[in-house]
């Protein structure tokens, strides 16, 4: 039978001669406070009155506060208030770390003492071992002839040296500072000493954030030459930190980059930026003989003022068009910076914002790029009445300024009424009406609306009223077949809208247009407010779906639009230039969460030729995944040349062994004879304590001074250091 009793009670029951006592488990006081008393359990407990000693043998366990000591044999010296544990000693402390040893001599409620054959297992599975150790205080342990590693022992041969370990003559583990400090230390790989240092320190594995170097990267690049990146992470305080990243290259010198992050009471914000001083070159990458600074800045933040209002910003600017591409910072063609103030209370929402844009393509003209010093939106949705109908009100005020080109001011007010209705047999009918008024003032009006450089010295006011009405009918049919639910839903929508007043108002926010399944239904397919789809038309289609009990599904939407006027107002190539529009469809297949296929198409309504075909496929899980993207546009109306566009993109990653992975990506232009755009292939090794990545990439295109580039990089890290 197991013996269990408080050690303080054992001290009071010492007898004149050594005896063995047995106590039933239910004899333990039910109100025992283990933070003040030590609770001992063992197969056998012997008390020696003369020596003032208690000996416990066989599966001994002592609980003192949050500490638990287990051993084959424990000797408790009551007079000296010391505990000696012998054989298979295990001590678990309040942090979750577990200490193993051959024997221990402990005192001060198991907080201090001497330990032989010290082995400490941290909560993250890192290990610190030593020939012997002394726990000077509860939070400071000094170890002699110590070894630290975060690598798991080899399964086939646990005695074999790990991938890496640090051997040191003396190690100090300070739990107050949460650091491990080494004296006369060697870093070994597979048991072979590689680096010696007289002093080395790093945070212990309980630390989530600590200043120090992150994983370095060495690379070679056609543009930058040979280089190395060594980021340093600096913890400023609990609410702020930053990363400083110098990049040293053989061709372009040194680039300094930094990222700053901070949380405040009302929100959080971050900034990153970089700067370098290089030889100036022209668009043909020929040096001009001068030097110049190049760099970028980027940041965002969001802050709450009160329960109603929030404000924030997003900033992204660069000094040169090709700088971000050259240093692999971003592949954006247009940088957008904005600030906003937004509030929502009940059914009211309002936002005031300002925008600035920076175009990075060769065709962009900074003078013709719009600046939006103010854009105000307001929206209100009323409470449903007894019929389910509700009113809505919207307001919009916009100011657009250009240093070289047309300036536009716009103010719009709109009121609407919405009525949803469901019949007794499941038909869903929705009625919508709206009336909007727009007022414009244009300065330096364009002679040719399609040519932003054709600004004149003429100014004018424009005004119009836009009435709109629509009714939409849906009739979903649902059938349950075993665990499969089937749905067929025909949809018909009738829409009428018109423009009363000026028809040649400026167009600032409706320049890009694509006809697909997302805008098959609706009163206005144009983005924004400036362009209005007029006349009477009917949109119709069918929505079908099959849904499984486990969450898998397949859906299909197919539809078309008919305009009662021969002049639809849409350009050629949009799919809406004729009375009968092109057919649009979307097929989505998702049998499980790890597989998704989406195919969007647009078919010419006369010949049924593909005018648009877009395929995306995603499959796999975290370790093994594959993505495919394909797009075909017979007429890319959003490009400057309106030429055909066809492109394919693949990327993926697969785990080829327990710790080894291969990943890559490839993009190819398929127009005419086709050409490669860019590609990447990489190999990654990552286990619990060590990782490295070897990556090769190639860019096949040229953008002014940025020529086609081949780069090879190598990055490694030792966990938990970086």
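FYI, it's all coordinate maths here, none of it is from the lab. These figures come from a predicted structure and were not determined experimentally. In this analysis, Cβ positions are derived from the backbone assuming ideal geometry, glycine residues included, and neighbour counts consider all displayed protein chains.
Across the chain, the relative contact order, built from alpha-carbon pairs under 8 Å that are at least six residues apart, equals 5 percent.
Plugging the Kirkwood radius over Cα pairs into Stokes-Einstein for the range 487-527, at a temperature of 20 °C and a viscosity of 1.002 mPa s, what D comes out in µm²/s?
Translational D for this selection: 164 µm²/s.
Converting the Cα gyration tensor eigenvalues of the range 232-376 into ellipsoid dimensions via √(5λ) gives semi-axes, longest first, of 34, 23, 8 Å. When the label point is put 7 Å from the Cα of residue 431 along its Cα-to-beta-carbon vector, which residues of the range 474-498 have a backbone N closer than 16 Å? Only 474, 494-496 fall inside the zone, counting backbone N under 16 Å.
Between residue 290 and residue 361, take the C-beta separation as r, use R0 = 22 Å, and let me know the FRET efficiency to the nearest 0.05. Before the final figure, lay out the partial values.
Details: r = 24 Å, r/R0 = 1.11.
For residue 290 and residue 361, the calculated efficiency is 0.35.
By the Stokes-Einstein formula, at 1.306 mPa s and 10 °C, the chain with its Kirkwood radius over alpha-carbon pairs has D equal to 48 µm²/s. Shown for 187, 224, 500: other C-beta atoms within 10 Å of each C-beta, ranked fewest to most, produce the order 500, 187, 224.
Taken over the alpha carbons of the range 147-223 as equal point scatterers, the Debye sum produces base-10 log I(q)/I(0) values at 0.14, 0.17, 0.22, 0.26 Å⁻¹ of -0.59, -0.80, -1.11, -1.26. Remark: spin-label model distance residue 145-residue 372 equals 7.2 nm, labels positioned 7 Å along the Cα→Cβ axis. Our estimate of slack between residue 218 and residue 671, defined as 0.36 nm per intervening residue step minus the Cα-Cα distance, is 159.4 nm.
For the residues 587, 595, 40, what sequence is obtained by ranking on other C-beta atoms within 10 Å, fewest first? The partial results should precede the final answer.
Details: 587 17, 595 14, 40 24.
Fewest-to-most Cβ neighbours within 10 Å comes out as 595, 587, 40.
Protection proxy ranking, highest mean first, for peptides 279-286, 62-69: 62-69, 279-286, where packing is the per-residue count of other beta-carbon atoms within 10 Å, averaged. As a rough guide to protection, the peptides 501-509, 525-533, 338-346 ranked by mean Cβ packing within 10 Å, highest first, stand as 525-533, 501-509, 338-346. Taking each residue as 0.36 nm, the span from residue 604 to residue 334 lengthens on full extension beyond its C-alpha to C-alpha distance by 94.0 nm. Our note on the geometry: Cα centres of the range 93-107 and the range 342-380, 62 Å apart.
Full extension of the chain between residue 82 and residue 275 gives 63.3 nm of extra length, using 0.36 nm per residue less the Cα-Cα distance.
Contact order for the range 225-288, expressed relative to its length and based on alpha carbon pairs under 8 Å spaced 6+ residues apart, stands at 24 percent.
Ordering 413, 39 from the fewest to the most neighbouring beta carbons within 10 Å gives 413, 39. Both the radius of gyration and Dmax for the range 383-531 are 20.6, 72 Å, in that order, over alpha-carbon atoms.
When you count, for each residue, the other Cβ atoms within 10 Å and take the mean per peptide, how do 157-163, 399-405 rank with the highest first? Before the final figure, lay out each step's value.
Values: 157-163: 12.6, 399-405: 16.9.
Ranking the peptides 157-163, 399-405 by packing returns 399-405, 157-163.
Counting only Cα atoms, the size of the range 579-714 along its three principal axes is 66, 46, 21 Å, in decreasing order.
Calculated FRET efficiency, residue 114 to residue 264, Cβ-Cβ distance, R0 = 41 Å: about 0.25 to the nearest 0.05.
FRET efficiency for residue 251 and residue 102, Cβ-Cβ distance as r, R0 = 41 Å, nearest 0.05? Don't jump to the answer; show the numbers that get you there.
On the way: r = 59 Å, r/R0 = 1.43.
Rounded to the nearest 0.05, the efficiency is 0.10.
How many angstrom lie between the Cα centre of the range 503-530 and the Cα centre of the range 175-211? So the two Cα centres are separated by 61 Å.
Of all the Cα-Cα pairs you can form in the range 498-580, what percent are over 22 Å apart? Numbers along the way, then the final one.
Numbers: 1231 of 3403 pairs.
Roughly 36 percent, rounded to a whole number.
Only helices enter this figure: runs of n ≥ 4 DSSP H residues, each worth -39500 (n - 2.57), summed and divided by the residues of the chain, yield -500 deg cm²/dmol at 222 nm to the nearest 500. Its Cα gyration tensor gives the range 119-255 an equivalent ellipsoid. The semi-axes, each the square root of 5 times an eigenvalue, are 32, 21, 13 Å from largest down.
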